[in-house]
Amino acid sequence: MLVINYIEVCLGFSVLYKATGGVSDLVSNFDAVYFSFITATTIGYGHMAPIGHDAKALVIIHSMYNFIFIGLILSNFAFNITYKDGTYRVKANKDKPEMVDIEKQ
């Protein structure tokens, strides 16, 4: 679910980047999507950059969203891991029914 949200947000920001026209070398829609994903993954190759206050503000908002998103993923991962007896294990999901061994019944 988080991955779908991540893709939707990147595509939404790519539309905003294209609409503001404030990114250097932004020619096509693919360039806008490319810039959005490069910004989201914090790679930032440097050949495309925001120009103007509107585009810079969008990049700041997009970057802040991604920090929150990465924090949610890491906290979700850490919440589902437990340390017991010297090993890390995945916590049991209480929503799923337990497996019952039919042969023992």
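The values are calculated or read from the model by the stated rules, or taken from the named source; none is laboratory data. Computed from a prediction, not measured in an experiment: that's the story for all the values here. Using ideal geometry, Cβ is built from the backbone for each residue, glycine included, and neighbour counts are taken over all protein chains shown. The protein model used for the area step is the full one, side chains on, heavy atoms only, and it has no ligands, DNA or RNA in it. Shrake-Rupley method; radii C 1.70, N 1.55, O 1.52, S 1.80 Å.
The table below gives the values:
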item: Of the criteria (1) part of a helix (DSSP H, G or I); (2) open to solvent by 30 Å² or more (accessible area, probe 1.4 Å); (3) closer than 14 Å to C10 by Cβ, which one I43 fails; result: (1)
item: Residues of the range 46-67 satisfying the condition of being assigned to a helix (DSSP H, G or I), open to solvent by less than 40 Å² (accessible area, probe 1.4 Å) and among the aliphatic types (A, V, I, L, M); result: A55, L58, V59
item: Any pair with Cβ under 8 angstrom, 6 or more apart, that starts in the range 52-77 at a residue that is without any contact (Cβ under 8 Å) to a residue 24 or more places away in the chain and ends at one that is surrounded by 12 or more Cβ atoms within 10 Å (Cβ to Cβ) and not hydroxyl-bearing (S, T, Y); result: V59/P50
item: Among the residues listed as F30, F13, the single one being assigned to a helix (DSSP H, G or I) and either closer than 20 Å to I70 by Cβ or not hydrophobic (A, V, I, L, M, F, W, C) (or both); result: F13
item: I81 touching a Phe, Trp or Tyr at 6+ places or on another chain (Cβ under 6 Å), more than 15 Å from F13 (Cα to Cα) and among the hydrophobic types (A, V, I, L, M, F, W, C); result: yes
item: F37 vs. criteria touching a Cys at 6+ places or on another chain (Cβ under 8 Å), closer than 20 Å to Y6 by Cβ and of a type in the set (F, W, Y); result: yes
item: Test: I102 is modelled with pLDDT under 90, of a type in the set (A, V, I, L, M) and open to solvent by 100 Å² or more (accessible area, probe 1.4 Å); result: yes
